[in-house]
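Written out below as structure tokens is the structure these notes cover.
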Amino acid sequence: MENNARSSFTGKIGFVLAAAGSAVGLGNIWRFPYLAAKYGGGIFLLVYIILALTFGFALMTAETALGRKTGLSAIGAFNSLNKKYGFIGYLASVVPMIILPYYCVIGGWVTKYLYAFLSGGAAEAATDTYFGTFITQPVEPIFWFLIYLIATAVVVLLGVEKGVEKVSKIMMPILVCLSIVIAIYSLFMPGAIDGLIYYIKPDFSKFSITTVLAAMGQLFYSMSLAMGIMITYGSYMKKEVNLESSVKQIELFDTGIAFFAGLMIIPAVFVFSGGTPEALGKGPSLMFETLPKVFETMPAGTIVGTAFFMLVLFAALTSSISLMETVVSIVCDRFKLNRKLSCLVVLILSLVLGIPSALGYGVWGGVKIIGMSFLDFFDFLSNSVLMPIVAFLTCIFVGYILKPKAVIEEVERSATFKRKKLFQVIIKYVAPVCILLILISSVLEAFGILKI
Ligand code: TRP
């Protein structure tokens, strides 16, 4: 990325769409519903929304402003502002490298389901044992992971992501509409109402520190925060574009899609499995086990299901392409390799890191890292450990080293900063203290030292 030849987004719409394209992906459709189901439904949703309006808003504003101010991506931005704090940029860059491999494993699962729906296997996919059989096989999960990973790499290598982005700009609105239709259908199934209540009515007895940590990790993941991505996007943003309102729109869009994904899936869990704790606590498999059952009962369900998995595949691809692109450009810059070679290095690295995740529910199911399967462990490491650390350091950097004034000035280049006071208080006091407390308690809990 040449600094002086930096291209920029045409305007506000361009920026919001590009950032939303990176934000909306498997995080919204696959990850949010299973976390909401697992961590108490309504209480998780409430905590998530509060965090989005406070932490999410403050961090996204700070990151975008850092990018726009310096015109550089993460490593360069921190380095140019203060040499001593350049390490935050490096730390942030590790996150996409951890996420990319297991993101592609899930992308592989989506591809497998699309293939099943296309090849007349929709009814089979709706059976109870389908997912479990698939995931425990030694070859299949790797096969689909490879297909997905290679597809991502080919797009990055050929530099045709603009083409994929164009297609996804058409697909994205269709995905939103289809999700709403499926959610409404889900809600009218007999027994769905209990699921709806579980999902939107907060039950305060289910509140715990783990709920907050899970919601916070999800917020960072879903909005692509605490990993340098929004800094890069900010560096392409024109000075006259309204930064504050762009951030608001991206947050609204991202949270809206996650909310509808929950509406599609959680009531259906109550319809088909009675909302038992085991059914709600399924984790990463929840979407794959529940949605085919919804499609099975739906008129023209095979067509709806095929369309759905195709659209999700596109949403996932735009995200994994952007993830890989980020890692490739870091490898290019850091190790002075050309793009082709960097792509190859990243491909091989992803392969090596992804295979344990692909096999972690089957053949390598016996291997556990602090009680977690490989995929869950990588997910925990990035979302619950590294991202909170990066977010904490970013708050300290902006709050005390650079001072919030620098960010406020950058925001006010285009319009008055309406939530200036809120921003200052959160970035200096609320966010760093809360993030640190949550991080420490959750890590202690993961290692079994603390019981919350
Ligand atoms: N936010 C994306 C999602 O919800 C996932 C993601 C995390 C991502 N980091 C990213 C996408 C970096 C693009 C770039 O699925």
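Counting Lys and Arg as +1 and Asp and Glu as -1, each charge on the Cβ, what is the dipole of the range 1-91 about the Cα centre in debye, to the nearest 20? Let's see the in-between values first.
Values: 8 positive and 2 negative charges, 28 e Å.
So the magnitude is around 140 debye.
Taking 0.36 nm per intervening residue step and subtracting the Cα-Cα distance, what contour gain separates Glu240 from Leu437 on full extension? Kindly include the intermediate steps, with their values, before the conclusion.
Working: separation 197, 0.36 × 197 = 70.92 nm, distance 3.79 nm.
That works out to 67.1 nm of additional length.
For Lys83, give me every one of the lysines with a C-alpha distance below 20 angstrom, ignoring sequence neighbours fewer than eight places off in its own chain.
Cα-Cα hits under 20 Å: Lys69, Lys403, Lys405.
Using Cβ contacts closer than 10 Å as the measure, can you line up Ile449, Ile43, Ile142 from fewest to most?
Numbers: Ile449 9, Ile43 21, Ile142 18.
In order of increasing Cβ crowding within 10 Å: Ile449, Ile142, Ile43.
What is the dipole size for the range 12-446, taken about its Cα centre, with +1 at each Lys and Arg Cβ and -1 at each Asp and Glu Cβ, in debye to the nearest 20?
On the way: 31 positive and 23 negative charges, 331 e Å.
Using only the charged Cβ atoms, the result is roughly 1580 debye.
Going toward the positive end of the dipole of the range 12-446, with +1 on Lys and Arg Cβ and -1 on Asp and Glu Cβ, which of Ser80, Ile427, Val443 do you reach last?
The listed residue farthest towards the positive side: Ser80.
Could you tell me which residue out of Ser224, Gly71, Leu375 lies farthest along the dipole of the chain toward its positive end? Charges go on the beta carbon: Lys and Arg +1, Asp and Glu -1, centred on the Cα centre.
Gly71
Separation of the range 38-73 and the range 290-342 by C-alpha centroid, Å?
That distance is 23 Å.
Can you flag which of Lys112/Lys282; Lys38/Lys248; Lys166/Lys248; Lys112/Lys340 are past 26 Å Cα-Cα? Display every interim value, and only then the final one.
On the way: Lys112/Lys282 19 Å; Lys38/Lys248 28 Å; Lys166/Lys248 23 Å; Lys112/Lys340 28 Å.
Violating the 26 Å Cα-Cα cut-off are Lys38/Lys248; Lys112/Lys340.
Separation of the range 375-436 and the range 159-208 by C-alpha centroid, Å?
With the range 375-436 and the range 159-208 each reduced to a Cα centre, they are spaced 28 Å.
For the range 285-381, which trypsin sites (Lys or Arg not before Pro) are both in a DSSP coil and crowded by at most 15 other Cβ atoms within 10 Å? Intermediate values should be presented prior to the final figure.
On the way: sites: Lys293, Arg334, Lys336, Arg339, Lys340, Lys368; in loops: Lys336, Lys368.
Answer by residue number: Lys336, Lys368.
Aspartates and glutamates within cross-link reach of Lys418: Cα-Cα under 12 Å, excluding same-chain residues under 8 positions apart?
Partners within reach: Glu244.
May I ask you to sort Met372, Met172, Met189 by Cβ crowding, counting other Cβ atoms within 10 Å and putting the fewest first?
On the way: Met372 15, Met172 21, Met189 18.
Placing the least packed residue first, the sequence is Met372, Met189, Met172.
Exposure proxy check: Leu53, Leu26, Leu213 ranked by fewest other beta carbons within 10 Å?
On the way: Leu53 16, Leu26 22, Leu213 27.
Least crowded to most crowded, the residues run Leu53, Leu26, Leu213.
No value in this document is a laboratory result; all are computed from the given coordinates. Keep in mind the model is a prediction, meaning the values are calculated, not measured. In this analysis, Cβ positions are derived from the backbone assuming ideal geometry, glycine residues included, and neighbour counts consider all displayed protein chains.
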